[in-house]
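Accompanying notes for the structure given below.
The values are calculated or read from the model by the stated rules, or taken from the named source; none is laboratory data. None of these values were measured; they are calculated from a predicted model. Note that each Cβ is placed from the backbone with ideal geometry, even for glycine, and that neighbours are counted across all protein chains shown.
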Amino acid sequence: MSEVIAKWSTDISDLVLEDKVHKSLYSNPALFEEELDRVFNNTWVWVAHESEVSESGSYKTAMIGKQPVIVVKDRKGTIHVLENRCRHRGATVCEGKKGKTKAFTCPYHGWGYGLDGGLRALPKPEEYENILDKAEFGLNSLRVESYQGMIFATFNDAIEPLEDFLGGAKKWIDLFMKQGGGYPVKVLGDHRFRFPGNWKIQLENTTDAYHFPIVHKSFINSIDDQTQEVFDFLDGDGYVEDLGNGHSVLVMIPDLVDLDKDIDAPIPERFAQLAAELRDEGMDELQVKRLVRAVGGTGFNLNLFPNVSCSMAFFRVLTPVSVNSTEIHHVALGGEGAPQAFNKKRIRLHEHFQGPMGFGTPDDGEAWERVQLGSVSGPDGWIMVNRGMSKLTTSEDGNVKGAVCSETGMRAAYQQYKKVMTSSGKE
Amino acid sequence: MNQINPQLTLAVTAFLNLEADMLDNKEYHDWLELWNDDGFYIVPVDHDVTDYSAAVNVAYDDKEMRELRVARLTSGDAVSTVGAEKTVRTVSGVRVLSEDNNLIAARYKYCLFENNKNGIRQFPATVEVKLSPLGDTFKIVEKVVKVMKSAQHLTTINYLF
């Protein structure tokens, strides 16, 4: 295929190679529509953490690609993911980010649905006599499975079980969930923003350590010397592993992979005040050390294809809005029932880097906007993801492993992308 | 407070206009001087929160964080701020909510307009301030900027509100 034709092609096998992807992947609207169908409507998509729907009637609205859904816990404790679409004339039956309710009532004609999505009642039912069976007109329900409190849903009933899909990523999710410092991980709130760029620019970024000292220089300058050393990881022993199915892990700070280890290490100076506050809240010295070790999160970014990352101390969630617009959520995490000083410190650390006015995110956003703007230049061209390809090794778990600043994770994601975009069946 | 104290409203408005003009003209170090040392600059995500310290905010800055933020905005190291043009801020509808000798609470309408490469972006907000009188001027004790859509989705922001 000639290079100029490639610009307009939607044949992914020509556009996604092992070491590079065609730049039209960021800007071709036809490809975007295909992605919504083949990627987002046909794989496991993260929708919520169980702490967000912890009680009977707690709900959260979410998006699967461009489709609005409701994540809700019913009276029996079962979590449902429901299409947010009245079965009568299509209106959403639930608005807002989250809340608690006994039922979902359509604002248009008053059809009422239970927490499990079942159609319970509707006004003036006599006109439906013999023509509408309520049992068949509940809110459409998606397949739902969870792992370690992370709730995923899919429109594809034939897809493999979630745990099979997560595969090699499960070990890393287990490690990530240790950051409650002895308490179950809980969502504390989130930042939400949009950037004018394609969703895959964000997908790549969470596995990109190479940009950190360049883009985040102003953040690094804003932290103390001790923390600067922690974040000086490009020359360290970090690495990237391809975990299969498009998932990858970028280990930046190997010492912070397992937060249950080295709990007895001395408390760093920068957390001395936190330690004092924890002691004031009645924590014994072992608890203090465990909480201090967990407060900054883990030393790795686990990138789960296609829409969520367990990123050091928070969940990064992406939602495609259009071919050149993407919504990002930075979900702050803490410990359920953990000392207030611990959760507050985690929130302050989160705000420092993340969100629309963090010391990190706006600079990422500038770089991503420039990628979207610059990538359309020229009739043809490629996005290079070949960094580190000549120095790959095999990890202890038998995975492809590259240097910390290699593009191993991007290659993993794009090969999965290629697989789902070219598969003949919807699987 | 239903009674209007025109002189106080005028003085508060003049102070808030001064603050906005400093930010439009990137006089960030002068802006830092407007603050009480114990003051907090807050941009909440959820406008209905009562304890901002326990919530995730877009910004929750004590003195140290305000100084770090100004250092970031002025250092030239942050790629998002290097090309940031001057902004236009409007302040209107200032209402003094309460006053005593030590603290004045006021609320006003506010909009930040930004010339961004993707177009002119605007951030309408309701701002709540607490001011401490100092001679013929004030020090800011608390500024809470409730930006529209902060709970749904913003864009990245390369300025101070």
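Just wondering, is there one or more residues in the stretch A:333-344 that are surrounded by 21 or more Cβ atoms within 10 Å (Cβ to Cβ), within 11 Å of another protein chain (Cβ to nearest Cβ) and not small (Gly, Ala, Ser)?
Yes, the stretch A:333-344 contains a residue that is surrounded by 21 or more Cβ atoms within 10 Å (Cβ to Cβ), within 11 Å of another protein chain (Cβ to nearest Cβ) and not small (Gly, Ala, Ser).
Within the stretch B:133-156, which residues are among the aliphatic types (A, V, I, L, M) and surrounded by fewer than 16 Cβ atoms within 10 Å (Cβ to Cβ)? Can you show your working first?
Our first condition is that a residue be among the aliphatic types (A, V, I, L, M); within the stretch B:133-156, this holds for B:134, B:140-141, B:144-145, B:147-148, B:151, B:154.
Those that are among the aliphatic types (A, V, I, L, M) and surrounded by fewer than 16 Cβ atoms within 10 Å (Cβ to Cβ): B:LEU134, B:MET148.
Quick grid of which residues meet (1) of a type outside the set (S, T, N, Q); (2) touching a residue at least 60 places away in the same chain (Cβ under 8 Å); (3) part of a loop (DSSP other than H, G, I, E, B):
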position: B:TYR110; (1), (2), (3): yes, yes, no
position: B:ASN115; (1), (2), (3): no, no, no
position: B:ILE120; (1), (2), (3): yes, no, no
position: B:LYS143; (1), (2), (3): yes, yes, no
position: B:LYS149; (1), (2), (3): yes, no, yes
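The conditions are (1) over 22 Å from the mean Cα position of the chain (by Cα); (2) more than 30 Å from A:SER375 (Cα to Cα), and A:PHE233 fails exactly one of them. Which is it?
Evaluating A:PHE233 over (1) over 22 Å from the mean Cα position of the chain (by Cα); (2) more than 30 Å from A:SER375 (Cα to Cα) leaves (2) as the failure.
Can you find a residue in the stretch A:98-112 that is under 29 Å from B:ASP48 (Cβ atoms) and surrounded by 19 or more Cβ atoms within 10 Å (Cβ to Cβ)? Walk me through how you get there before you give the answer.
Step one: of the stretch A:98-112, the residues under 29 Å from B:ASP48 (Cβ atoms) are A:98-108, A:110, A:112.
Then keep just the ones that are surrounded by 19 or more Cβ atoms within 10 Å (Cβ to Cβ); that gives A:104, A:106.
Within the stretch A:98-112 (the criterion being under 29 Å from B:ASP48 (Cβ atoms) and surrounded by 19 or more Cβ atoms within 10 Å (Cβ to Cβ)), the answer is yes, since at least one residue qualifies.
Return only the number of the condition from (1) more than 10 Å from chain A (Cβ to nearest Cβ); (2) at pLDDT 95 or above; (3) within 27 Å of A:SER222 (Cα to Cα) that B:VAL88 does not satisfy.
Unmet for B:VAL88, out of (1) more than 10 Å from chain A (Cβ to nearest Cβ); (2) at pLDDT 95 or above; (3) within 27 Å of A:SER222 (Cα to Cα): (3).
Residue by residue through the stretch A:229-264, note down the ones that are β-branched (Val, Ile, Thr) and closer than 13 Å to A:CYS310 by Cβ.
Scanning the stretch A:229-264 gives A:VAL249, A:VAL251, A:VAL257.
Cβ contacts < 6 Å: first residue within 14 Å of A:LEU17 (Cα to Cα), restricted to the stretch A:406-425; second residue part of a helix (DSSP H, G or I), any location; separation 6+ or different chain. Result?
Going by the 6 Å Cβ cut-off, the qualifying pairs are A:MET410/A:GLU204; A:ALA413/A:LEU203; A:LYS418/A:ILE12; A:MET421/A:ILE12; A:MET421/A:ARG38; A:THR422/A:ILE12; A:THR422/A:SER13.
Would you confirm whether or not the stretch B:62-76 contains a residue that is of a type in the set (Lys, Arg), over 25 Å from A:GLU369 (Cα atoms) and out of contact with any Pro (no Cβ under 9 Å at 6 or more places or on another chain)?
Looking for residues that are of a type in the set (Lys, Arg), over 25 Å from A:GLU369 (Cα atoms) and out of contact with any Pro (no Cβ under 9 Å at 6 or more places or on another chain), one finds at least one in the stretch B:62-76, hence yes.
Just the residues that are surrounded by 24 or more Cβ atoms within 10 Å (Cβ to Cβ), out of contact with any strand residue (DSSP E or B) (no Cβ under 7 Å at 6 or more places or on another chain) and of a type outside the set (Ser, Thr, Tyr), please, taken from the stretch A:294-305. Break it down into steps so the answer makes sense when it comes.
Residues of the stretch A:294-305 that are surrounded by 24 or more Cβ atoms within 10 Å (Cβ to Cβ), as a first pass: A:294-295, A:298, A:300-305.
Add one more test, that the residue is out of contact with any strand residue (DSSP E or B) (no Cβ under 7 Å at 6 or more places or on another chain), and what stays is A:294-295, A:298.
The answer is A:ALA294, A:VAL295.
Restricting to the stretch A:79-120, count the residues that are among the aromatic types (Phe, Trp, Tyr) and outside any loop (DSSP other than H, G, I, E, B). Spell out how you get there, then give the answer.
The first filter runs over the stretch A:79-120 and keeps only residues among the aromatic types (Phe, Trp, Tyr), leaving A:104, A:108, A:111, A:113.
Subset that is outside any loop (DSSP other than H, G, I, E, B): A:104, A:113.
Looking only at that region, the number is 2.
Can you list residue pairs whose Cβ atoms sit under 7 Å apart, with the first residue in the stretch B:51-66 being more than 7 Å from chain A (Cβ to nearest Cβ) and the second being surrounded by 15 or more Cβ atoms within 10 Å (Cβ to Cβ) and assigned to a helix (DSSP H, G or I)? Count only pairs 6 or more apart in sequence or on different chains.
Qualifying pairs under 7 Å: B:ASP61/B:ARG69.
Considering B:PHE113, B:PHE123, B:PHE138, which residue is within 25 Å of A:PRO362 (Cβ to Cβ) and more than 12 Å from chain A (Cβ to nearest Cβ)?
On the way: B:PHE123 fails: more than 12 Å from chain A (Cβ to nearest Cβ); B:PHE138 fails: within 25 Å of A:PRO362 (Cβ to Cβ).
Result of the check over B:PHE113, B:PHE123, B:PHE138: B:PHE113.
Residue by residue through the stretch B:63-86, note down the ones that are in a loop (DSSP other than H, G, I, E, B) and surrounded by fewer than 14 Cβ atoms within 10 Å (Cβ to Cβ). First the steps, then the outcome.
Restricting attention to the stretch B:63-86, the residues satisfying the condition of being in a loop (DSSP other than H, G, I, E, B) are B:76-78, B:83-86.
Listed by number, the residues that qualify are B:GLY76, B:GLY83, B:GLU85, B:LYS86.
Which residue is farthest from the other protein chains (Cβ to nearest Cβ), if the candidates are limited to the stretch A:219-254 and must be among the small types (Gly, Ala, Ser) and surrounded by fewer than 23 Cβ atoms within 10 Å (Cβ to Cβ)? Write out each step before concluding.
In the first step, residues of the stretch A:219-254 are kept if they are among the small types (Gly, Ala, Ser); the result is A:222, A:236, A:238, A:244, A:246, A:248.
Next cut, surrounded by fewer than 23 Cβ atoms within 10 Å (Cβ to Cβ) only: A:236, A:238, A:244.
On the way: A:GLY236: 22, A:GLY238: 23, A:GLY244: 32 Å.
Looking at residues that are among the small types (Gly, Ala, Ser) and surrounded by fewer than 23 Cβ atoms within 10 Å (Cβ to Cβ), I get A:GLY244.
Looking at B:HIS47, is it at pLDDT 95 or above, more than 7 Å from chain A (Cβ to nearest Cβ) and in contact with a strand residue (DSSP E or B) (Cβ under 7 Å, 6 or more places away or on another chain)?
Values: at pLDDT 95 or above: yes; more than 7 Å from chain A (Cβ to nearest Cβ): yes; in contact with a strand residue (DSSP E or B) (Cβ under 7 Å, 6 or more places away or on another chain): yes.
Yes.
Can you tell me how many residues in the stretch A:181-196 are surrounded by fewer than 24 Cβ atoms within 10 Å (Cβ to Cβ) and in a loop (DSSP other than H, G, I, E, B)?
Qualifying residue count for the region: 4.
Among the candidates A:LYS66, A:LYS73, A:LYS7, A:LYS23, single out the residue that is within 30 Å of A:SER377 (Cα to Cα), at pLDDT 95 or above and touching a Ser or Thr at 6+ places or on another chain (Cβ under 6 Å). Write out each step before concluding.
Working: A:LYS66 fails: touching a Ser or Thr at 6+ places or on another chain (Cβ under 6 Å); A:LYS73 fails: within 30 Å of A:SER377 (Cα to Cα); A:LYS7 fails: at pLDDT 95 or above.
When all the criteria are applied, what remains is A:LYS23.
Suppose we filter the stretch A:197-226 for residues that are in a helix (DSSP H, G or I) and closer than 30 Å to A:GLY149 by Cα; how many remain? Steps first, please.
Of all residues in the stretch A:197-226, those in a helix (DSSP H, G or I) come to A:199-205, A:212-215, A:217-221, A:225-226.
Checking the rest, the ones that are also closer than 30 Å to A:GLY149 by Cα come to A:199-205, A:212.
So the answer is 8.
Working carefully through the options A:SER24, A:SER9, find the one that is part of a loop (DSSP other than H, G, I, E, B), of a type outside the set (Asp, Glu) and over 25 Å from A:ALA153 (Cα atoms).
Values: A:SER24 fails: part of a loop (DSSP other than H, G, I, E, B).
Going through A:SER24, A:SER9 in turn, just one is part of a loop (DSSP other than H, G, I, E, B), of a type outside the set (Asp, Glu) and over 25 Å from A:ALA153 (Cα atoms): A:SER9.
Evaluate the stretch A:323-344: report whether one residue or more is closer than 17 Å to A:LEU256 by Cα, among the small types (Gly, Ala, Ser) and part of a helix (DSSP H, G or I). Show your work before the answer.
Looking only at the stretch A:323-344, we keep the residues that are closer than 17 Å to A:LEU256 by Cα, and these are A:333-334.
Remaining after also requiring among the small types (Gly, Ala, Ser): A:334.
Add one more test, that the residue is part of a helix (DSSP H, G or I), and what stays is none.
The answer is no; no qualifying residue exists.
Out of (1) within 29 Å of B:ASN5 (Cα to Cα); (2) free of Cβ contacts under 8 Å to residues at least 60 places away in the same chain; (3) surrounded by fewer than 17 Cβ atoms within 10 Å (Cβ to Cβ), what's the single condition that is false for B:LYS130?
Against the list (1) within 29 Å of B:ASN5 (Cα to Cα); (2) free of Cβ contacts under 8 Å to residues at least 60 places away in the same chain; (3) surrounded by fewer than 17 Cβ atoms within 10 Å (Cβ to Cβ), B:LYS130 comes up short only on (3).
Conditions tested, residue by residue: (1) in a strand (DSSP E or B); (2) within 14 Å of another protein chain (Cβ to nearest Cβ); (3) under 27 Å from A:SER222 (Cβ atoms).
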site	(1), (2), (3)
A:MET357	no, yes, yes
A:PRO362	no, yes, yes
A:GLU366	no, yes, yes
A:ARG370	no, yes, yes
A:LEU373	no, yes, no
A:PRO379	no, no, no
A:GLY398	no, no, no
A:LYS401	yes, no, no
A:SER406	no, no, no
